[in-house]
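Accompanying notes for the structure given below.
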Amino acid sequence: MRRLLVALAAMAAILAPALPAHARAGFWAVTELDPFPAQVRPDVPYTVGFWVLQHGTHPYEGPGGLDPIGLRLTGEDGTTLTFGGTPLPEPAHYATSVKVPAGRWRVQGLQGMFAPYEIGTLTVPGGLKAAPPQFPVPAGSEVMDYWGPVKPPGFPWKAASVIPNRLPAATSAQPAGATQPAGATQAVRATQPAQISAAVGDSSPWRQPYALVIVAMAAVAGTLLVQRAARAAVRRRPHDPPEREAREGEEVISAG
């Protein structure tokens, strides 16, 4: 078992440099609020929109979905209020209704498997003081527009260039007078990230690099386990008794 662990660690060290930069940078996400009410009064309901962006610039691309998604408020006395998010038509866009008592509250974004994101401090009555960004986006990077008309407020995050949104629905011509089914718009939006990934290349950390690491580690583990089983089989094979080995080559004479 020790040799197996050493071999797997060595294989991981060899393949780690082959991972893309965004995968080596860490597994994180950012919660970005839509314009927040300037004044929040005690026990008054407000609707708050927010975005959960993997690596701060794109919708979540891993397997399954993110759960839970929402906002968590923690008071100075330890009281915790959690407001679950409801998905909106745009990828990575959510909304929730909040009703907060008077006090000073720490505001965090709940991001499923990602760590909670520090949004800021809410004073009621009063307003929200945003926390410094945990993962500042460097200027000059290239970003993809996944959204069309409705985008996260920080878009394009100081990017030097933006890859435009290219959807089949935007280039396909429809006959004059043709009507679109009621659910067609939502279907196009729901498949938008997958279509763009196929068109410009998938940058998800769950794709090829991790598959390569898993296959390589499985191959090493399988080889070592087979070798171990073979050695165990040799040790279990029965041996001839010493007295029989000593009599080999001698003639046996029996008296009739």
query = Which order do peptides 46-58, 136-148 fall in by mean Cβ count within 10 Å, highest first?
reply = 46-58, 136-148
query = Measuring from label point to label point, each 7 Å out along Cα→Cβ, what is the E61 to V162 span in nm?
reply = 1.9
message = Using amide H atoms built in the peptide plane, which far-off residues or other-chain residues are under 5 Å from D34 H to H?
response = G49, F50, W51
ask   = Karplus couplings for the range 70-82 from phi (6.51 cos²θ - 1.76 cosθ + 1.60, θ = phi - 60°), rounded to Hz, Gly and Pro as x?
value = x, 10, 10, 10, 10, x, 5, 8, x, 5, 10, 10, 10
task = Please give the FRET efficiency for T79 paired with F27, using the beta carbon to beta carbon distance and R0 = 35 Å, rounded to the nearest 0.05.
result = 0.70
request  = For A130 paired with T47, estimate the spin-label separation in nm (one decimal), with each label point 7 Å from Cα along the Cα-to-Cβ line.
outcome  = 2.3
inquiry  = Can you list residues from other chains, or at least 5 along the same chain, whose modelled amide H is less than 5 Å from the amide H of N165?
reply    = D145
query = How far apart, in nm, are the 7 Å Cα→Cβ label points at E118 and V150?
reply = 3.1
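Every number here is computed from the coordinates shown, using simple stated rules; none is lab data. This one's a predicted model, so the numbers in the text were calculated from it and none came from an experiment. As a convention, Cβ positions derive from the backbone with ideal geometry for all residues, glycine included, and neighbour counts pool all protein chains shown.
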